[in-house]
Amino acid sequence: MKRVVLLGGGHAHVHVLRALAATPLAGAQVQLVTPFRRQMYSGMVPGLIAGHYSADDCAIPLPPLAQAAKVEFIDGAAAGLDAGRRWLTLADGRRLDYDVLSVDTGATMPRDLIPGAREHGLFVRPIEHFVQLFGGVLALAAKRPLDIVVIGGGAAGFELALAVSHRLGRAGVGSRAEVDGDGDGDGDGDGDGDVSRIALVLGGAALLPGYPQAVVDRALRVLRQHRITLLPVLCTGIDGGHVHLDNGARLACDVPLIAVGTGAPGWLVGSGLQLDAAGFINTGTTLQSLSHPNVFAAGDVASRPDAPHARSGVYAVRAGPPLAENLRRLVGAGELLTHEPGPRTLNLLSCGGRRAIMSWGRWSAEGRWVWWWKDHIDAKFVRRYTLKADEP
């Protein structure tokens, strides 16, 4: 009986669980290890923050999937891995032995990249923690206007800034963002003092790096419509009341929302697995580790040197079916399938209200119809992996 451990409840692993529920993995004892009892589907989180969805609308419960797949659910997080000895160590000290390991934990968000962020910032990952803590932001905003700074100019930062703006009823209001060059934090602002103010700090890159210029132009127009202050500077530090910028200015801030780029999990260091320069697991065409063929990796935690691509939920979803099949074939000593991630993806960016921007290669569009299309795709994904009470 082979011991198979599924580490993480990410987009690819929910498909593996659904496949095992349909056809159990013969000759194997399977365990799912994750610190979360549900997967918050990342594509719907901006809509949740904006108020279009409830948390249940965006979540895939994991224990029912595991039970249907005859997989043991283990509440735990990885703290270490010895790929040579085939040992996985959990944060509470438990050790799991495995014959086959599949990793779909996602990437992490570095807590110490910005001084003071760990103490004062609200990080968007792990998503489960962010969703729980954001309720406190709403409660505070109900009492008084807030200074909110979103740090990160990628898709996550863009969508988050607009979602918060919509949730707080800010579309079309005057901006009163304070950016002080003299360091006293008492800028006069230029808008209505009865509304919260939102700024988006881009960091060292332009808005939405990697996206076509047509999409960036549409995004800039939407940010202007929401009167979100756009700052093409780096955040150098955060304290209890301000965000510090690399131009010497500081920005009044009650709530710093951290949406910077992600990094590899620290517990991979010293695992013995072949990692890329950024610390992610190098995998090949069969989704197996290039150094340890009994280890699979999919989603943001994995890297494909032969087919580099963005870390995006779309690629994790695409990896689900071949991962499920290759786990089955490896346990059964069959020939594994190859998986090509594809040269491009459909990207759908939420714009706060029920509008979205679409891009496919160099093509782009914007409007309510794009949001409804995105809503249909996202809701269909969650429904597909959410078991009903009468399902096996």
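The values are calculated or read from the model by the stated rules, or taken from the named source; none is laboratory data. In this text, all values refer to a predicted model and were calculated from it rather than measured experimentally. Reconstructed Cβ throughout: ideal geometry from the backbone, glycine too, with neighbour counts over all protein chains shown. The area values use the complete protein model at the heavy-atom level, side chains included, leaving out ligands, DNA and RNA. Shrake-Rupley method; radii C 1.70, N 1.55, O 1.52, S 1.80 Å.
The table below lists the values:
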| item | result |
| --- | --- |
| Residues located in segment 242-259, provided they are of a type outside the set (Asp, Glu), assigned to a loop (DSSP other than H, G, I, E, B) and open to solvent by 30 Å² or more (accessible area, probe 1.4 Å) | 247, 248 |
| Residues of segment 29-70 that turn out to be assigned to a loop (DSSP other than H, G, I, E, B) and in contact (Cβ under 8 Å) with a residue 24 or more places away in the chain, as a count | 9 |
| Hey, residue 19 touching a residue at least 40 places away in the same chain (Cβ under 8 Å), touching a Pro at 6+ places or on another chain (Cβ under 8 Å), of a type outside the set (S, T, N, Q) and open to solvent by 20 Å² or more (accessible area, probe 1.4 Å) or not | yes |
| Count - residues of segment 260-291 that are over 30 Å from residue 147 (Cβ atoms), of a type outside the set (D, E, K, R) and assigned to a loop (DSSP other than H, G, I, E, B) | 18 |
| Close pairs from segment 195-224: first over 25 Å from residue 243 (Cβ atoms), partner in a loop (DSSP other than H, G, I, E, B), Cβ under 7 Å, at least 6 apart | 212/362; 215/208 |
| Some residue of segment 347-359 being free of Cβ contacts under 8 Å to residues at least 40 places away in the same chain and open to solvent by 30 Å² or more (accessible area, probe 1.4 Å) | no |
| Which listed residue, of 227, 250, 311, 304, is among the basic types (Lys, Arg) and over 30 Å from residue 166 (Cβ atoms) | 304 |
| Pairs, first among the basic types (Lys, Arg) in segment 102-113, second open to solvent by 50 Å² or more (accessible area, probe 1.4 Å) and modelled with pLDDT of 90 or more, C-beta under 7 Å, six or more apart | 111/118 |
| Residue tally, condition open to solvent by less than 20 Å² (accessible area, probe 1.4 Å), closer than 19 Å to residue 149 by Cα, of a type outside the set (Gly, Ala, Ser) and in a helix (DSSP H, G or I), over segment 196-226 | 2 |
| Single condition residue 271 does not satisfy, out of (1) surrounded by fewer than 22 Cβ atoms within 10 Å (Cβ to Cβ); (2) more than 17 Å from the chain's Cα centre (by Cα) | (1) |
| Any hit, segment 99-115, residues being touching a helix residue (DSSP H, G or I) at 6+ places or on another chain (Cβ under 7 Å), open to solvent by 50 Å² or more (accessible area, probe 1.4 Å) and among the charged types (D, E, K, R) | yes |
| Flag for residue 382 being farther than 30 Å from residue 225 by Cα and under 21 Å from the mean Cα position of the chain (by Cα) | yes |
| Count of segment 327-346 residues which are open to solvent by 90 Å² or more (accessible area, probe 1.4 Å) and in contact (Cβ under 8 Å) with a residue 40 or more places away in the chain | 2 |
| Residue list for segment 360-380, filter: surrounded by 19 or more Cβ atoms within 10 Å (Cβ to Cβ) and hydrophobic (A, V, I, L, M, F, W, C) | 370, 371 |
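Every residue, every condition in (1) of a type in the set (Lys, Arg); (2) modelled with pLDDT of 95 or more, yes or no:
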| site | (1), (2) |
| --- | --- |
| 295 | no, yes |
| 301 | no, yes |
| 334 | no, no |
| 344 | yes, no |
| 355 | yes, yes |
| 358 | no, yes |
